[in-house]
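Just below is one structure, and these are the notes that go with it.
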Amino acid sequence: MLLREVEYAKPGSVAEALELLASNDGARALAGGQTLINVMKARAASPDMLVDLNGLDELKGIELAGDGTLTIGAMTTYSELMGSAEAKARPILGEVCATIADVQVRNRGTIGGNVCSNDPTNHLPPLMVAVGARMTIAGAGGEREVPAEEFFLGVYLTAAGPGELLTRISIPAGKKDGFAAVTLGADGTCIANAAASVNGAVRVAIGCVDAVPVLVTANSTEGVADAVRGANLMPPSDVHASSEYRTHLAEVLATRAAEEAAGR
Amino acid sequence: MRRLDGASKGGGVGFADAGASNPVTEMSETTLAPAPVEVQKGWGGQSVRRKEDKRLLQGEGVFVDDVKRHGMGYLHFVRSPYAHAHITRVDVSAAEAIDGVYGTLTGEEVAALTDPFFQISSAPGANIKDFSLAVGKVRFVGEPVVAVVAETRELARDASELVEVDYEPLPALVDARKAQEPDAPVLHDDADGNLMWTGLYSWGDLDSAFAEADRVVEIPELHFHRFNSTPLECDGALVEYNRGVGQWTIHTNNQFPGFAAIMMGPAMKVGLDKLRFVTQDIGGGFGNKITSHPQLVVCCLLARKLNRPVQWTEWRTDFHLSMSHGNERWFHDTEVAVKDDGTLLGFRTKALDDAGAWLRYEPLGGVIWAQVTPGMYRWRHIELDFTQVATNKAPVSPNRGYSRMQHLWFTERVIDIVARELGLDPVEVRKKNYIRAEDMPYETPNGCVYDSGDYAGMLDLALELIDWGSIPGKKAAARERGKLLGVGIGSTLDSGTNNFGQSRLINPELQFSGNNEVATVKLDIFGEIVVTLGTTPQGQGHETTAAQVVADILNCSVDDVHVRAGHDSYWNSHAGFSGTYASQFAVTGLSAVKGATEMLAAEIKKLAGAVFGGVPPEGLELADGGVRIKESPDAFLPFMACGAIINANNAGLPEDLDVTLNCRYVYRPPFEVPDVEKKFGNLTLTYATQIHVAVVEVDPETGAYEIVDYAAVDDCGKRINPQIVEGQVMGATAQALGAAVHETYEYDEDGNLLTPNFYDYHVPHALDMPPLATGALESPSPFTPLGTKGMGEGGGAGIHAVCAAIQDATGAIVTDSHNPYQRVWRLLQEASA
Amino acid sequence: MDVTVAVNGTTYERDVEPRKLLIHLLRDDLDLTGSHVGCDTGNCGACSVILDGVLVKSCMLLAVQANGASIETVEGLSEDGELTPLQQAFNEHHALQCGYCTPGMLMSATALLRENPSPSEDEIKKALQGNICRCTGYWNIVEAVKSVADA
Amino acid sequence: MNVSGERTFEAPRATVWQVMNDPASMAKTMPGVQSFDVHDDRHWTANVKIPLGLGGLKMKVDMEKVEEREPEFAKMAIKGQGVGAMMNMETSFTLSDADAGGTAMAWSAEVKILGPVGSMGQRVLQPIVNQQVQHVLAALDGQVQEAMGNSG
């Protein structure tokens, strides 16, 4: 429960936040804190400085463009997304957010925080890959956009490097999406998950089977199982699932997610 | 919520109609409406609303971590990262050099200042040397090695990171089955191996039973897994030392201070009166808060060393790593003698118990199971070879259903496996072999006496609640949806009120036997009725049920009865076995309350008789908050006057009037010392009964499953407060379901705990709970003053029911008490292979 | 760092280390010990409070992040010792045993009922999903909330 | 946890051996090295800050070469001590001439992580170790290339 000493900064703008992050090697952005604060309690991580992004309105909000593209500010909370009329344009987003942890965590935790922590048990990284999200990263040199499948680099590691911030996520129009997971009890820790999107081809991203979501594609839902087998997954074993069981779940869940997507 | 309960209507408590079960007569889909609170006869048997709730609902409870003292220091333990290692060097200088650090305590200091804790075990377990901090060696991950005290919580933890400990790692022993192999790492050189205790229990005539059998069903291995109840509040203490009188005041949430005291006093070389235990509210215990005595000793030593109050908060990860895991048990080479018609004759098995690194309450688990030796069945020939070994895991200690749950899981598994092997219906096998209502009281093969009950009747009620007839249709419907539906029964006993004489079966040298509990009831100067209990409740509603018993005897309102919250050993209201554990308050606690209140009632009459000028007690009655002459009710002496006369206005009272209006009663259940040679005798006074039915629906593709319906029928004799009883039934059910599906303390081969927090140790949340139907029967105990039976632990019936349901759904024999999705998936693979 | 918070209508100013969690500010510095700590990973919800109208777990928030906020805790639910209908329902339905999780449960249920005065049973369970109770099995808690919702 | 694999370098065995046994080169392959001290040809110490997205994990790492058969086999015992985390690792590699030219390396490592980091991060340890291993192998490639450049 007891954190190591840490400095706290509350910037008034994204620019100021970037400056703080760039000028302090040990600085980390604090979004919803629903993962980071817990890791700090265990002292498994101890940043020297927390740059609190709460209160930066520039990072909030959801916009729906004329072509159906959704733009979600990185500091939008799960609850805000679930309550957003605009976000209903891509219904899977709210549906998946509603199964993340619990009310308190959803009230505080953010979309950006979820993808940036990229804990393998998180739901949003595979979902973002499946729906073809594009991530906007701001840094000293301005902004750049990275497709989701290139955004996730490792556990707790993403393309948003030191001194950078994920500012928003763009998601193209679409409705034919699906999601399937096996968790410890309802809404509990994830054992394996899969997100799918059908737009001509079937895109399925599988979570919990590697350090980053694994993307497979197929021409039809019937081809998904083969595609998963073809990916030669070697998932980690842990107390909840052996590598073998996870491999099996990956195939089942990928197929279910794809069938749900195709059925919409 | 469905409730089936015709047994709680009206009726005061009192001496019970021995043996008669009240049948259930009606079913209600609606909520059980709590009885309105108004003065009337017969508080006992009513669902009186709890007196303790008001403070708890307003955040005004006082839990141990809420207690603060001026100048207190916060204690943080440096814990072992190794499962097994020699400690080669400890250096606290860097930690002590920090501003705001008050001091430290090392294992070396502990070894110099204290004696090892007294061991319950006979040799070889008796020979181990257990101190409150690791001395020379660490034996499990999370074992406290050094304690640091500082000005703030955060600083104490910071400083603990500066304590340098050098370890020389040793191979770890994590599988109890390998503990006695020649090359196994040895935890305790003093015990010359990992065997802690072993004993052979044999009753009846095994040879003739197996000769008579049509078949012998063999079960090579069954495994009951490691978990505990994880009370939401972890352990803690605030300890003050009074240097002038050499006495410690220990504010703590330990749930069995009597046990802590007899462990701590001799180790600290002080008399027990130097250890004053104080608690108010405790955030759940379930047995897991019995063995915090090592940590309390450390707090005491530091409070004295540093001359300031010492505060210790155990965090969740600390608790999971180090505190009171439930007994993990294996059953090997089981053989069951059965007739073709399903009649059970007897069994033999070898039980192997994993004690973890220390014997903190063990090896009592090696005998406690024997309270329920035959389970609920009539077999008379039983042999169990019990062995307990040490491993490099957290020490085990009592956990709700302590040691009986493991054994009852075993007997229930045997029934379902036998039924499967014989192609018989598990319901019929149970009914054929259950001990019958007309056999009660029933003496088991090992001399225990089951007091009352109607097991077959309870099963019928449970099947009615689950709508047994609809199950085949539901199975077919599930199959249509691609799911596998299964149903299973768990029938268990909650044996309560221990005869501590059973400890002599573990170690004949021990001088414990019987049991006792204390209550005092007094009338204060303004007529206030004050009740003091010896117990340490953790949510069981003792303040309420005690008030109900008192109000019935004094013929007043429960609102007029003030039951002190919590426990203080200075209240002079405790005895050697005081505490709240082992399903006994409704017998020991309430019997003590009843005894003390009857003494008080007699004294009030004696006093009033004198005041009224020589009226005999028979001519007086208690009513309306006072005492009056039956024949002339106008002659009325309110309790307030009684209290005032005795306490503050007593001149002129007859010299021989032996009245204090402050009555202390010790309840002592009728027990004999068991026969140590034959391991025979009555080990507990009462046997509450549970029959549960679980319906599960399995997703065959993933092994994931849901408990889709559930029924729980309970019989604990006379219920003082049916709502509180039902609450205990529900809680025990939820814990059992959590343990059956998700909860496990699993270790890797190096002895690292893989489930040290609520992410990975998944306890049930609201959405995980199935629909529940409850039912109740009342078979009053003929052996207890109020007809009550201890209850609250249950016997893990939910675990047994879920195992049976998974066996039914998958068609594979279930051999483990813990069945996470992955295991069920494997069972399905096996079944289809 | 200086922190100013209004808890149950009373304003407090304290100088705290940035690393201090909000739950420790409440319990240790402000002596508001009604909110509890039951885990160290943000799972149990015993520390739940309402922060500027939003239900949060006060163990996953730094005290300095609450600067300027208005906080409601269990101590502020009832007025002059009168139990609220929700608190009374917990009592009537035996929705608490040890009482340790109760403050967090009450805050979660309070937040739910403000947003949705007549929730279904599933909605109640979903709203209480972030609060662990080890005593009751939740059935009576759900019934208690339902009884207030129905009223 | 055991991790192992094989890799081929486009360089002669002697060059690879030289890189693998040169503390300075090895220092450049380790993640987040802040300082590196060579005590003798068998004992090195590094202070590292392993970059994890949520914050770096600081560790003092002692390395001891416990076995060596030039130019084909070496085994090292590595002990890391950080606040809240301890790492014990035994790693070995075997070099041979690859069929298609260059040098083949078969390597394996037994990694143990203890302490709060280990317990908190149990479910992510294996992916994290894998990802660090990939980092080391890529850096090793770079070092071998550099050595080739220097010698070429």
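The values are calculated or read from the model by the stated rules, or taken from the named source; none is laboratory data. The structure displayed is predicted, hence computed values, not measured ones. As a convention, Cβ positions derive from the backbone with ideal geometry for all residues, glycine included, and neighbour counts pool all protein chains shown.
Filtering segment B:705-764 to residues that are assigned to a helix (DSSP H, G or I), under 30 Å from B:Lys393 (Cβ atoms), at the interface with chain C (Cβ under 9 Å from one of its Cβ atoms) and in contact with a Gly (Cβ under 7 Å, 6 or more places away or on another chain) leaves B:Gln728, B:Gly731, B:Ala732, B:Thr733, B:Ala734, B:Leu737. For segment B:776-807, name all the residues that are within 21 Å of the chain's Cα centre (by Cα) and of a type in the set (Asp, Glu). Answer for segment B:776-807, where residues must be within 21 Å of the chain's Cα centre (by Cα) and of a type in the set (Asp, Glu): just B:Glu793. Checking each residue in segment B:136-177 for being free of Cβ contacts under 8 Å to residues at least 60 places away in the same chain and in contact with a Ser or Thr (Cβ under 9 Å, 6 or more places away or on another chain) picks out only B:Val138. Among the residues making up segment A:50-76, a single one is within 9 Å of another protein chain (Cβ to nearest Cβ), of a type outside the set (D, E, K, R) and outside any loop (DSSP other than H, G, I, E, B): A:Leu50. Screening C:Gly9 with (1) facing another protein chain (nearest Cβ under 10 Å); (2) under 16 Å from the mean Cα position of the chain (by Cα); (3) not β-branched (Val, Ile, Thr) gives one miss only, at (1).
For segment D:13-57, the tally of residues that are within 26 Å of D:Ala106 (Cβ to Cβ) and outside any strand (DSSP E or B) stands at 21. For B:Ala773, are the conditions met, namely being over 30 Å from B:Leu590 (Cα atoms), of a type in the set (Gly, Ala, Ser) and assigned by TED's automatic domain parsing to the domain that holds B:Asp714? When the stated conditions are applied, B:Ala773 does not pass them.
Pairs are defined by a Cβ separation below 6 Å, a sequence spacing of at least 6 or placement on different chains, a first member in segment C:21-44 that is at pLDDT 95 or above, and a second member that is assigned to a strand (DSSP E or B) and among the basic types (Lys, Arg); the pairs so defined are C:Asp29/C:Arg14; C:Gly42/C:Lys57.
Report whether or not B:His574 is part of a strand (DSSP E or B) and away from every other protein chain (no Cβ under 14 Å). Judged against the criteria, B:His574 is not a match. Restricting to segment B:50-68, name every residue that is β-branched (Val, Ile, Thr) and in a loop (DSSP other than H, G, I, E, B). Correct list: B:Val62, B:Val67.
Yes/no matrix, rows are residues, columns are (1) of a type in the set (Val, Ile, Thr); (2) farther than 21 Å from B:Glu701 by Cβ; (3) not assigned by TED's automatic domain parsing to the domain that holds A:Asp238:
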position	(1), (2), (3)
A:Leu124	no, yes, yes
A:Met128	no, yes, yes
A:Gly142	no, yes, yes
A:Thr167	yes, yes, yes
A:Thr189	yes, no, no
A:Asn193	no, no, no
A:Ile206	yes, no, no
A:Pro213	no, yes, no
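Within segment C:86-98, one or more residues are under 17 Å from B:Leu57 (Cα atoms), more than 8 Å from chain B (Cβ to nearest Cβ) and surrounded by fewer than 20 Cβ atoms within 10 Å (Cβ to Cβ). Within segment A:71-111, the residues that satisfy the criterion of being touching a residue at least 60 places away in the same chain (Cβ under 8 Å) and in contact with a helix residue (DSSP H, G or I) (Cβ under 6 Å, 6 or more places away or on another chain) are A:Ile72, A:Gly73, A:Ala74, A:Leu93, A:Val96, A:Ile100, A:Gly109. Beta carbons closer than 8 Å, at least 6 apart along the sequence or on distinct chains, pair a first residue in segment A:32-43 that is touching a residue at least 60 places away in the same chain (Cβ under 8 Å) with a second that is among the charged types (D, E, K, R) for A:Gly32/A:Arg108; A:Gly33/A:Arg108; A:Gln34/A:Arg108; A:Thr35/A:Asp119; A:Leu36/A:Arg28. Taken as a whole, segment B:720-728 holds no residue that is charged (D, E, K, R) and under 30 Å from B:Gly142 (Cα atoms). Evaluated against (1) within 25 Å of the chain's Cα centre (by Cα); (2) touching a residue at least 60 places away in the same chain (Cβ under 8 Å), B:Ala644 falls short on exactly one condition, (1). Just one of the listed residues (B:Gly738, B:Gly775) is in contact (Cβ under 8 Å) with a residue 12 or more places away in the chain and in contact with a Leu (Cβ under 8 Å, 6 or more places away or on another chain), namely B:Gly775.
For B:Val298, are the conditions met, namely being more than 14 Å from chain C (Cβ to nearest Cβ), touching a residue at least 40 places away in the same chain (Cβ under 8 Å) and over 26 Å from B:Ala565 (Cα atoms)? It would help to see each step written out before you state the result.
Working: more than 14 Å from chain C (Cβ to nearest Cβ): yes; touching a residue at least 40 places away in the same chain (Cβ under 8 Å): yes; over 26 Å from B:Ala565 (Cα atoms): yes.
Against the criterion (more than 14 Å from chain C (Cβ to nearest Cβ), touching a residue at least 40 places away in the same chain (Cβ under 8 Å) and over 26 Å from B:Ala565 (Cα atoms)), B:Val298 qualifies.
Within segment B:335-453, considering only helices (runs of 4 or more DSSP H) that don't extend past its boundaries, which have at least 3 residues that are among the acidic types (Asp, Glu)?
On the way: elements: B:365-368, B:404-422, B:426-433.
Hits in segment B:335-453: B:404-422.
For segment A:187-204, a residue qualifies if it is more than 30 Å from B:Ala766 (Cα to Cα) and either within 14 Å of chain B (Cβ to nearest Cβ) or in a strand (DSSP E or B) (or both), and the qualifying residues are A:Ser197, A:Val198, A:Asn199, A:Ala201, A:Val202, A:Arg203, A:Val204.
Of all residues in segment B:761-775, those satisfying the criterion of being more than 22 Å from the chain's Cα centre (by Cα) and aliphatic (A, V, I, L, M) are B:Ala766, B:Leu767, B:Met769, B:Leu772, B:Ala773. Cβ-Cβ distances below 9 Å connect the following pairs, each with a first residue in segment A:45-62 that is closer than 14 Å to A:Leu20 by Cα and modelled with pLDDT under 95, a second residue that is of a type in the set (Asp, Glu) and surrounded by fewer than 17 Cβ atoms within 10 Å (Cβ to Cβ), and a separation of six or more residues or different chains: A:Pro47/A:Glu7; A:Asp48/A:Glu5; A:Asp48/A:Glu7; A:Asp48/A:Asp25.
Taking the options B:Val531, B:Val561, name whichever one is out of contact with any Gly (no Cβ under 9 Å at 6 or more places or on another chain), in contact (Cβ under 8 Å) with a residue 40 or more places away in the chain and not small (Gly, Ala, Ser).
Numbers: B:Val561 fails: in contact (Cβ under 8 Å) with a residue 40 or more places away in the chain.
Matching residue, one of B:Val531, B:Val561: B:Val531.
Among the criteria (1) crowded, with 24+ Cβ neighbours inside 10 Å; (2) within 14 Å of chain C (Cβ to nearest Cβ); (3) hydroxyl-bearing (Ser, Thr, Tyr), the one B:Ser817 does not fulfil is (2).
Sort through A:Ala138, A:Ala195 and tell me the only one that's buried (at least 24 other Cβ atoms within 10 Å of the Cβ), modelled with pLDDT of 95 or more and within 22 Å of A:Thr76 (Cβ to Cβ). Lay out the reasoning, then the answer.
On the way: A:Ala138 fails: buried (at least 24 other Cβ atoms within 10 Å of the Cβ).
Sole residue among the options that is buried (at least 24 other Cβ atoms within 10 Å of the Cβ), modelled with pLDDT of 95 or more and within 22 Å of A:Thr76 (Cβ to Cβ): A:Ala195.
Answer with yes or no whether B:Leu206 is over 29 Å from the mean Cα position of the chain (by Cα) and more than 14 Å from chain C (Cβ to nearest Cβ). The answer is yes for B:Leu206. When each of C:Arg114, C:Arg14 is tested for being surrounded by fewer than 21 Cβ atoms within 10 Å (Cβ to Cβ), under 14 Å from the mean Cα position of the chain (by Cα) and away from chain B (no Cβ under 11 Å), the lone residue that passes is C:Arg114. Sub-6 Å Cβ pairs linking a first residue in segment A:131-144 that is small (Gly, Ala, Ser) to a second residue that is in a strand (DSSP E or B), at least 6 apart or interchain, are A:Ala133/A:Ile169; A:Ala133/A:Ile171; A:Ala138/A:Leu165; A:Ala138/A:Thr167, ordered by first then second residue.
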